[in-house]
Structure formats: structure tokens, C-alpha cells
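The values are calculated or read from the model by the stated rules, or taken from the named source; none is laboratory data. Treat the numbers as computed from the prediction; the structure is a model and nothing was measured. Note: ideal-geometry Cβ built from the backbone for every residue, glycine included; neighbour counts use all protein chains shown.
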Amino acid sequence: MNLLVAGGAGYVGSAVARRLSTSGHRVVVVDDLSAGHAEAVDGIRGIRLLRADLAAPGLDRALAAAGPVEAVLHFAGKIAVGESFADPEGYRRANVTGSEALLAWARAAGVRRFVFSSSAGVYGTPEKVPVPESAPLRPVSPYGETKVAVEERLAGAAKEWGLGAVALRYFNASGATDGGRHGEDHRPETHLIPRLLAAAASGSAVPIYGTDGPTPDGTCVRDYVHIEDLVEAHVRALDAVRPGEVRAFNVGAGSGASVREVIAAAERVTGRTVRTKDEPPRRGDPPSLVADISLAARELAWKPTRGLEEILASAWSWHRGRPGGYSGRRG
Ligand code: UDP
């Protein structure tokens, strides 16, 4: 198939783009490279990179070079919950306006298949954990609100012009792919696992955000899913798209780990001690977020196959191979 991968130079988007090109699809990546890295897709057969901002005027012109497209996978957007409180307007522009422009382009281009990177952030602080897809969508951050807004736009597109879409609600995507050759490189890095590994390597201290919450050890519980499993979910989702319908699926490991448990696992995997410092909870962080993944198992025949140790081991080999990230100057 001819595929357009928006945000395909980012952490998850590039992993999916590489996998789809390896399976023989022709992939055009569109990315403004504000957070993505050209090195994540450069030189890979079957992938072409176009540089464009989805929310800027002239998207049609920028995407004319993509040629005919049969399906869109949409990863482009800003991803940091904390930053979204400081810059809600920037988050709406990048995530909602950008998605609206991409959908308008897709409609005009005759694209009827769409896979969207949504987030567990749509649930806010769920009443029930593990959280099923049927739980109310009550985001507690501007970031989460943008993901709900885009899911709503997809529903509108399904009704108005017959788009078929799958929204994958990611829990905590983590780990590295391609034997540690590609991994997470956000600037600044806000995520727990890359921060822990950088601290294991350097001896610096990692903050623990919240130590007396309503969880077994007081620290936040999250559901860490290996990037390779997440990639597989996209492959299944692309096949499962049904015309005129939007379906949402949780993509997580289906089990939780507390911040302290992740730290202990990181120490085991690296053989190093990780220094920590207790900090107050981070704004917009629910105490516990774990996915009920039974719907994806049933309808996408998808199941995660890798655990926390594999996540950490792969992320550690990425970190050790390229301690400065793609450009050698990690933020
Ligand atoms: N966290 C932490 N220290 C850090 C970064 C994150 O304690 O330096 C916690 C954070 O509060 C959350 C969990 O680790 O409970 C995972 O955070 P991350 O930013 O990796 O992903 P999120 O769950 O926010 O998408």
C-alpha cells in the first residue's frame, strides 16, 4: 500500500514507518522535525521524508509530493502533559488544528483509512483500573483534551464522509527497536524510563513525582508497553479499519508497575544504582493508569509479548549505543 505517516520521524511514528516499509509498503513520512529526528528514518528503503507542519497553511501543496495515498497513520503531535498546562494553545494548534488539516487533506485525496495515535490521557483519573475503552472520557490535562477532540473529529469524519478509523489509546510506550539502534529521544526528556537510564549512566538523581498517593507503595502506577508490541498493534489496526466506523482500542501491557518498581527493575537491568529524590506529584498525573486490553485481544487479535525487563534492556542498549541520542546532543 501507499501510506502517509504523519509524525513519522518521532519515536513511535518512525518505529511504525520502519516496520511498514520492511513489510513492503511504500511510506511517505511527513514531519516538521520539531520533535522528530530525520535520522530515525533516513536511508531506510521504501521511506521518503517530507518536511511540513500539518497546522501551517499550504498543506495541500506540501503533500502533493506524496503521490497517491491509500491510508494515513497519524502520530504527529505534542506529547508532554506538563508542558500542555504551560502552552494549551500550542497543544491545540499542533494536535487539533494539525489533525483537522490532515483530515481535510485526506478527504480531498480520497483516503478512507486512518489510524490515529490517541492516549490513555483521554481517561483522566479513571474510576476503575484496569480501565476499559467504555470508561468516560474525562481528561485532566490540555494534552488529554486534544486527544479527545481528535477522536471526536474522527467520529465526525466517519459520519460525514465515510472515513474508517482506528484510534489506539497508548499507555506508556517505552523501550527501543532494531536491536537498540532506534529509541526514545525527546528534548527535553520528561519520561521516566529514559531519565532513569540516563541517571544510571551518569550518577545524577531522578525525581520521584509523588510518594504518598493512593497506590500500594505510594508512587504512581503506569502500564509500560514495549514499542515493538505497540508497532504490532498498528499493523493489526491498519488491517482492521472498517469503512465509516471509528473504533478505539487500549494499547498497554495490561499490567501496572509503580515508579519504585520501575526503578528497581532499571537497577537490575543496568547493574547500577539509581539515585532518586522525592518530589511532589506532577500536575495532571493520575495515581494509577493500567489498560484493560481485552478488546484489542478480541478484535485485533493483538497481545503484548514483552515485559518490563525487555523494555529496560532494549532502552539500555539504545542509551549505551547513543548516549547523546540521534544528534549526539540529547536535551
Ligand atoms: N515520573 C517520575 N519521575 C520522572 C518522570 C516521571 O516519577 O522523572 C513518573 C510520572 O509521575 C508518572 C510515571 O513516572 O507517574 C511515568 O511518567 P512518564 O512521563 O514516563 O509518562 P506519562 O505517564 O506521564 O505519560
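One table, with the values for the structure above:
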item: Matching residues, segment 57-74, being surrounded by fewer than 15 Cβ atoms within 10 Å (Cβ to Cβ) and in a loop (DSSP other than H, G, I, E, B); result: Pro57, Gly58, Ala65, Gly67, Pro68
item: Those residues of segment 273-319 which are closer than 20 Å to His234 by Cα, outside any loop (DSSP other than H, G, I, E, B) and of a type in the set (Lys, Arg), in sequence order; result: Arg298
item: Gly36 surrounded by fewer than 20 Cβ atoms within 10 Å (Cβ to Cβ), closer than 25 Å to Arg236 by Cβ and free of Cβ contacts under 8 Å to residues at least 60 places away in the same chain; result: no
item: Which listed residue, of Asp178, Asp185, is within 16 Å of the ligand (Cβ to nearest atom), among the charged types (D, E, K, R), closer than 28 Å to Ile311 by Cα and touching a residue at least 40 places away in the same chain (Cβ under 8 Å); result: Asp185
item: Looking only at segment 188-198, and only at residues there that are near the ligand (Cβ under 9 Å from one of its atoms) and of a type in the set (A, V, I, L, M), the one that is farthest from Val81 (Cα to Cα); result: Leu196
item: Answer residue from segment 142-175, given it is among the small types (Gly, Ala, Ser) and closer than 23 Å to Val262 by Cβ and is farthest from the ligand (Cβ to nearest atom) among those; result: Gly175
item: Total residues in segment 205-245, condition within 12 Å of the ligand (Cβ to nearest atom), of a type outside the set (Val, Ile, Thr) and buried (at least 16 other Cβ atoms within 10 Å of the Cβ); result: 8
item: Every pair of residues 6+ apart whose Cβ atoms lie under 7 Å, when the first sits in segment 203-222 and is free of Cβ contacts under 8 Å to residues at least 40 places away in the same chain while the second is among the small types (Gly, Ala, Ser) and more than 10 Å from the ligand (Cβ to nearest atom); result: Asp212/Gly218
item: Residues that are part of a loop (DSSP other than H, G, I, E, B) and under 14 Å from Ala71 (Cα atoms), drawn from segment 9-34; result: His25
item: Gly82 being modelled with pLDDT under 95 and within 15 Å of the ligand (Cβ to nearest atom); result: yes
item: Flag for Gly77 being in a loop (DSSP other than H, G, I, E, B), at pLDDT 95 or above, at positive phi and within 20 Å of the chain's Cα centre (by Cα); result: yes
item: Inter-residue pairs, beta-carbon under 6 Å, first within 12 Å of the ligand (Cβ to nearest atom) and in segment 118-129, second of a type in the set (Phe, Trp, Tyr), 6+ apart; result: Ser119/Tyr170; Ala120/Phe171; Gly121/Tyr143
item: Filter result for the condition that a residue is part of a helix (DSSP H, G or I) and either in contact with an Asp or Glu (Cβ under 8 Å, 6 or more places away or on another chain) or among the polar types (S, T, N, Q) (or both), over Gly121, Gly98; result: Gly98
item: Qualifying residue in segment 168-176 (condition: buried (at least 23 other Cβ atoms within 10 Å of the Cβ), within 19 Å of the chain's Cα centre (by Cα) and over 30 Å from Ser317 (Cα atoms)); result: no
item: Count of residues meeting criterion [closer than 23 Å to Ala101 by Cβ, buried (at least 24 other Cβ atoms within 10 Å of the Cβ) and within 16 Å of the chain's Cα centre (by Cα)] in segment 1-28; result: 11
item: Test: residue in segment 91-114 that is crowded, with 22+ Cβ neighbours inside 10 Å, farther than 28 Å from Asn2 by Cα and at pLDDT 95 or above; result: yes
item: Within segment 247-272, tally of residues that are part of a loop (DSSP other than H, G, I, E, B) and without any contact (Cβ under 8 Å) to a residue 60 or more places away in the chain; result: 2
